[in-house]
Amino acid sequence: MNTLQLPASFNGPAAPDPMATQQVSPLHAFSIMNRHRLAIALVTLGIAVPAGFGIFSLRPYYSASSILIVGTRQAPFRDLQATVSSPEVDTVAVNSEVSILRSPAIARAVVKKLDLVDDPDVREALDHVPLTKRIINAVSRLFITPPPQLPMTPDERLQATSLLLDQWVTILNDGRSYIITITASMNNAQTSARIANAYADVYLDFKRHMKISATWQANALLDEQIAPLRERLRKAEQAVQAFREKNGLIAAELERAPGANGASNDNGGTTVTDQQLIQMNRELITARGDLESRRARYAEIRNALNNGSVDSIPDAVSSPLIQQLQAQEAQISSRAASLSQTVMDGNPDLQSVRAAAAQVRSRIGAEVHRIANSAAKELASAEARVAALSAEVNRLQGQVTAENEADVTLRQLQSEATAARTVYQDYLGRFAQTSTQAELQVAEADLISRADTPIGPYGPPRTQYMAIALLFSLIAGAGSALIIDRMRKGVRSTAELDAIPGLFALGLVPAFAGTLSRQYASRERSAYLETVESIRSVLSFGHSRFRAKVVLVTSAEQAEGKTTFALSLAANTGRCGQRALVIDCDMRNPSAMRVMGAVSIVRNSHMPVDPLLAGLERDVLPGVDILTPEGMMHRGGRAMLLPEELGRILAQVGSQYDMILLDTPPALAFPDAAVLSRQTDGVVMVVKWGRTSASTLVQAMRTLHTYDARTLGAVLTQAPPHSLGEAEKHPFRIYSHYGLLPPG
């Protein structure tokens, strides 16, 4: 068999779904809308007419706006630059104020302030029943009996009126400033202005009362806390005084004096014991110095006595008595010396003088001993004083240590008392401040402008609404046309077939009425016969790429008309005086003879007897033979004709026919078409118009490509001539001119 190469698009991996990436051109979109212009007109009118009726029946309304600025008293005056410069907008704070204005509490307060429950416009709005609800109620009454409606209570009417205000009042902030605009839109101009101004007044009153309430609440809280704090301070001070008295910590009124290094003393005061200890230390130091001097004086006197040198004793030298006695001794010694030179030692005068000198020296020695005894007594007295002072200092040091330990606890008690006094004084100051400011609170917002009564109606803008309705209806109509067209997922043009990788549109075959045998039994020509003949001409006389004698006809799915098309190609071959053979290779569900219906079959008894050709039926149509699978069935249970068996059949009958057509099962379900395609000149894919999708064809072509099948092209079958696109309608217009196409 002659084999041709597949298109370049099938030499690589299978391409993606062309319909998934194909873009619809504007001209194609206009072509789709032209085909569905009636649906576009119906949808457009169906939307535009009710919309226009509803728009022109809208009642006019009036809008009035009041403008507030919030947060005007939040920043105190500190410096000119901070006050003049533009502050950043606190979006959260402004949105909070907008939410307050939109709250049900404000709406209820406005209703009460203006007595809107009894307003005629409000009553009319409350009693109005929407059309949709009236329709629902009417339909529901057909099936059930609704309970009687009770009149609304005053609270319910108040709540319903506040809910209506949410629909009539718009509160906006531009997000870039502290300005809040309150706009009321109603059918009455004066009422709209009253509502806008009432919203602003109620909001300002609410903010002022909220601040006053918060101030009084703070005042009450402070008042509740002052009494416990006062009692706490009293107990803390009593604890300090009791502890001081218990431990004898009586503070002396001494000022803090800087220390030796210039640093201030951190102690708050000096106790009596501290003062006594300081005084005792000073006296002890003085006593120890006096003791050392007396000890040195006594030692000096003792040494002088031991050495016999009285003149080295300062007290003796400075004593007048000793000086007088020494002077007498000197006179007596001088007299004794002069007498010793003139008289003998036994002279009474000399002895008397010597006795007087000894007496004077004895008196000097006695005086020196008296001085020494006095120094010894003074030394003992100094030692006793030092010992006494040392004992007193030790006692005072122990007492100071105990007092210092108690002073730590005293300081803690004093700190607690100081903290209690500070908190108490702070609460007293805040209480006085809140009591003074409670009546001076103002809202942190200002009313920039009040709403004036509008002169004329603000809306509705009927012209703009009507233009939008017309534009929307046109878009909806065009969209409905595109949706209707896209709901038909199947291939509907030869251009879509050409977009499938590996496929070429051989032609388009229209649908026909009646049976196939009736089409070919008539002598008249038809558009169906002409389109099939065009495809047969391509396969017989076209480019070498498409010429084939043994053609395998298959489809992606079932019921796409492949058997009918194979028989039609064979019948067109027979009408030209040639012979054609149709081999029904669908051994699971043979349908070639069933499509032909009840026909007279003349069996050829001259054909060679071969089990593979046992099912051959001759001249089912003029020049057309059909080989059915009954004679091919073997007892092995196989459901597919083997390529070797097909080769034997073609070898035996190939020379007797001008065209041989193989009718095979769908390519996506069974491998018969792909396996047997190697025994043929090519494969023709049959595609049902408006049913077979592009993705299904891509999968079928991938299956054929797996077996290296040669694809001649595809045929679009069962196409409605009057629903085709502009490109496909041209041949059928010519057929209609020649009378080959019945009128639509």
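The C-beta contact set for region 323-339 (first residue farther than 12 Å from residue 351 by Cα, second residue surrounded by fewer than 14 Cβ atoms within 10 Å (Cβ to Cβ), distance under 9 angstrom, 6+ apart or interchain) comprises 323/317; 326/311.
Give the residues of region 149-178 that are part of a loop (DSSP other than H, G, I, E, B) and of a type in the set (Lys, Arg), sorted by residue number. Selection gives 176 alone.
For (1) closer than 30 Å to residue 71 by Cα; (2) loosely packed, with under 15 Cβ neighbours inside 10 Å, each residue gets a yes or a no:
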residue	(1), (2)
97	yes, no
150	no, yes
159	no, no
165	yes, no
174	yes, yes
178	yes, no
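Condition first: outside any helix (DSSP H, G or I) and surrounded by fewer than 17 Cβ atoms within 10 Å (Cβ to Cβ). Now tell me which residues in region 637-670 satisfy that. Those that are outside any helix (DSSP H, G or I) and surrounded by fewer than 17 Cβ atoms within 10 Å (Cβ to Cβ): 637, 638, 639, 642, 658, 669. Residues in region 187-202 that are touching a strand residue (DSSP E or B) at 6+ places or on another chain (Cβ under 6 Å) and buried (at least 16 other Cβ atoms within 10 Å of the Cβ): 189, 192, 193, 195, 196, 197, 199, 200. In the condition set (1) open to solvent by less than 70 Å² (accessible area, probe 1.4 Å); (2) at pLDDT below 75, residue 298 is compliant with all but (2).
Summed over region 521-547, residues that are assigned to a loop (DSSP other than H, G, I, E, B) and open to solvent by less than 60 Å² (accessible area, probe 1.4 Å) total 5.
Return yes when residue 518 is surrounded by fewer than 18 Cβ atoms within 10 Å (Cβ to Cβ) and in contact (Cβ under 8 Å) with a residue 60 or more places away in the chain and no when it is not. No.
The values are calculated or read from the model by the stated rules, or taken from the named source; none is laboratory data. As the structure is a computational prediction, the values presented were derived from the model and not from experiment. Every residue, glycine among them, receives a Cβ derived from its backbone with ideal geometry; neighbour counts consider all protein chains shown. The area values use the complete protein model at the heavy-atom level, side chains included, leaving out ligands, DNA and RNA. Shrake-Rupley method; radii C 1.70, N 1.55, O 1.52, S 1.80 Å.
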